[in-house]
1. Being at pLDDT 90 or above and among the β-branched types (V, I, T) is the filter here, so list the residues in segment 1-53 that pass it.
2. Condition first: out of contact with any strand residue (DSSP E or B) (no Cβ under 9 Å at 6 or more places or on another chain), of a type in the set (D, E, K, R) and more than 29 Å from A227 (Cβ to Cβ). Can you find one or more residues in segment 70-77 that meet it?
3. Where in segment 54-152 are there helices (runs of 4 or more DSSP H), lying wholly inside it, with at least 1 residues that are without any contact (Cβ under 8 Å) to a residue 40 or more places away in the chain?
4. What do you reckon, is A173 crowded, with 24+ Cβ neighbours inside 10 Å and modelled with pLDDT under 95?
5. Please give the number of the condition A233 fails out of (1) at pLDDT 85 or above; (2) buried (at least 17 other Cβ atoms within 10 Å of the Cβ).
6. Could you list, in sequence order, all residues of segment 92-122 that are polar (S, T, N, Q) and either within 14 Å of the chain's Cα centre (by Cα) or modelled with pLDDT of 95 or more (or both)?
7. Residues P76, P135, P89: which one is surrounded by fewer than 19 Cβ atoms within 10 Å (Cβ to Cβ), out of contact with any Lys or Arg (no Cβ under 7 Å at 6 or more places or on another chain) and at pLDDT 95 or above?
8. Residue check, K209 against (1) over 19 Å from E118 (Cα atoms); (2) surrounded by 16 or more Cβ atoms within 10 Å (Cβ to Cβ); (3) among the charged types (D, E, K, R), all met but one. Which one?
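The values are calculated or read from the model by the stated rules, or taken from the named source; none is laboratory data. Small disclaimer: the values here were computed from a predicted structure and weren't measured. When we count neighbours, we look across all protein chains shown, and the Cβ atoms used for this are built from the backbone with ideal geometry, even at glycine.
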Amino acid sequence: MLLVLNFATFVAAYPETFEVDSGCCAPNAALAKDFSAYYTAAWRLFHDPSQVYTHGLVDDGEEKILPQPEGYKYLPSFLLFASPLLFLPYQSALLAFDAFQFLLLPLIALLLYELTKERRLEVMIPALVAVLLVPLPLPAPQWTISISYYWQWAEGQSKVLDTFLLLSALYLARSRRPRLAGITLALAAFDPRFVLLAIPLFVTYSDNKTIKKSLTCSVLTFALVNAPLLYPATGLGFIEMVFTTGLPTPPYYYAFIPILALSALMLIHHEELGLAVRRFWPWASNQLASRLST
């Protein structure tokens, strides 16, 4: 039922993907969809990497998205997911990205079940409703039951993909597969805000024997998938973006999707979370002290 209701939101949002308007949060401005930033940055990565973080149209052969493509605000690692969409025209690519993420929702439901299955149904069901539907109604004329998912689909946003990667990393950590958990956590870090929120849970689902291996794999993977930042023009563009448009960006409606997923797990496992944090800090301090002494 939750997926049916979400699909109804998907259908309601579909016409908005063609519109050039103010979107969810920019009154009196005509903007391209958020997906335009991903599509354009992926093209530039292969053809004009110095312009990956340039906001607006660039006369370098890229597809002209009107009025101008939105600015790219993620780490380069996200372009691993966006690059295959370059085989499609822009509008088809946006729909394909939405459809791909919609197909991740049953897997997100399964991951939530696996992470909460020892709890009672009256605890698990509200968590599933919160994450798979985010029931915050959007009023007429586009009325839907979820303003978060409406703009997620309408803008071609990436928050469902990020939620899937974050929950996958937590599940793998809990399943004692530290290398895969660390790799997945690094892939989820294209928007670092949500990984920072997930780290206490990641520690909770790991143990002292596996956390070091997980974090080592995560750091190495993070460095590898973000290697384009070593190209001076790309790295400088990223730093400029962070301090001009990145840090001031507020959490929009679709940000509630990963936030609610992680918050629900924190609430459900709050006792284990507290114990894990108290267990981890002495271990981390000892590790740091041993590194500094060598």
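1. V4, T9, V11, T17, T40, V52
2. no
3. 90-116, 121-132
4. Yes: the conditions hold for A173.
5. The failed condition is (2).
6. Within segment 92-122, S92, Q101 meet the criteria.
7. Being surrounded by fewer than 19 Cβ atoms within 10 Å (Cβ to Cβ), out of contact with any Lys or Arg (no Cβ under 7 Å at 6 or more places or on another chain) and at pLDDT 95 or above holds for just one of P76, P135, P89, which is P89.
8. (2)
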